[in-house]
Amino acid sequence: MNSSPSDMEDDSALDLKHNRSSKKGTSKTLQDGKQRKLKEKKKIKEELYDPSDGKSLDPFWNAAQWIPRDIDLYCNITSDFRIAMILKSIDKEDQQRSEDDKQRAVSNFDKIVDFVPEFKKMLHRKNKDKLDFILKKMYTIMRSTRADDSSRLRKDIPKYVPPDPSTMSLNPPILTGSKEDRSGLGFAHPQLALLLCLIMATKMSKYFTLDLALFFMVFFRTRIKLLDGRIRVTASKLPAFMYIGFEPAEQYNPNAIHEGLLKGYYVPRAYLYRAWDGTQGLNLQDKTISYAIIQGRHALTSRESWLSDGMDKHFNYKDFYDQINTLLEDPTDPWAKDVLTFFDLNVFGYSNTGINDNQSESDDDIAQFMTQRAARRTANSNIAMVANPAQPAGELEATPSI
């Protein structure tokens, strides 16, 4: 039996009414769920923070500002705590993480818990909700700290980049007040490009004072090679601003990469400009210096975020950060000790420790640095063995690097 048009209209009306009712029910359920979560969050916050009882979350929030600066720029505190607590309590491995990532998580966990003793009473299972609340809030602060430090440094790049800001300025001038102004930074600017790319600096520096017209001709040709990938600025290539010298790469020696490395004038300025907000860090150490280098490089570029893009698309900040830490973390290397002394003197004023058109022959400055470091050690060991033939090799005293 066929339905009449009026019956079909009635059925459609009923379906429409049912759908509206279902949507209202779903919407109300979602809204109730959100309200419930907000109430739970408020309850947790009230339990954690009670001024009358002397409770305060300030130690956690203050620590969050320092974790990216002094412990690990790429620390994901929520993830690291979860992984470290699993590995420490039940010895269960996370199959999705590499061994390096697991070690990094445990190291970050130990350092943060030592830095914030209040964490120790939060690590019991009964405090899981409170711990989750604190970690998520801290992670938000950590990300905000990194972004704030970046934006504050970038605004004053015209004052920090010239070797002598009192008599020199960037040419052409740059504006750094908004996102639109970033297009004039990085490889689009001839002076900043030389600081960012060691290949460009070693190749073009001789033209800058001799023939400005020739300089710009070579500069634009080199920029084309950056665009089409013939020249790649990667994390394994050291930026020219890391080297000592009035001009970029002025004293760079490919046969002794360590000479003058991390003694450029720009990095201590980037370090000193960090937004301390009246708090104090752990101390001046390798991670602190690495953080300043990363922030200093990012401020020079046209990147709007820390993700790879544009002509800088081949550069990975996390890899670069880890590699700089690797160079600085060797306590037996006289070069690393010398760098810490240099930063102590330039930051605090005292010491706490005693060219062709193609890329260079080596595409990896970091690997070449490590090879040269090993060669220096071998040479020093041989010298010591000749000087002390009867002394066991394992007891040789370290001889300063040349």
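Only the coordinates and a few stated rules stand behind these numbers; no lab work does. These numbers were taken from a predicted model, which means no experiment stands behind them. Cβ coordinates were reconstructed from backbone atoms using ideal geometry, including for glycine residues, and neighbour counts include every protein chain displayed.
Observations
- Inter-probe distance in nm under a simple model that places probes 7 Å from Cα toward Cβ, at ASN255 and MET370: 2.4 nm
- 5 angstrom amide H check on TYR243, placed H, neighbours 5+ away: ALA249, LEU262, GLY264
- Point-charge dipole on Cβ atoms (K/R +1, D/E -1) for the range 205-250, about Cα centre, debye to 20: 280 debye
- For the range 58-153, the spread of Cα positions along the three principal axes, ordered from largest to smallest, is 43, 29, 20 Å.
- Rounded to the nearest 20 debye, the dipole magnitude of the range 58-153 is 400 debye, with +1 charges on Lys and Arg beta carbons, -1 on Asp and Glu beta carbons, and the Cα centre as origin.
- Separation in nanometres of the label points that stand 7 Å from Cα toward Cβ, at GLU329 and ASP101: 1.7 nm
- Options TRP66, SER151, MET122, ranked by Cα towards positive dipole end of the range 58-153, top entry (Cβ charges): MET122
- Inter-centroid distance (Cα atoms) of the range 286-300 relative to the range 94-135, Å: 25 Å
- Loop-located trypsin sites (Lys or Arg not before Pro) in the range 69-159, at most 12 other Cβ atoms within 10 Å (DSSP): LYS92
- In order along the range 109-120, phi translates into HN-Hα couplings of 4, 4, 5, 5, 5, 5, 6, 10, x, 4, 5, 4 Hz, rounded to whole numbers, per the Karplus curve 6.51 cos²θ - 1.76 cosθ + 1.60 with θ = phi - 60° and x for Gly and Pro.
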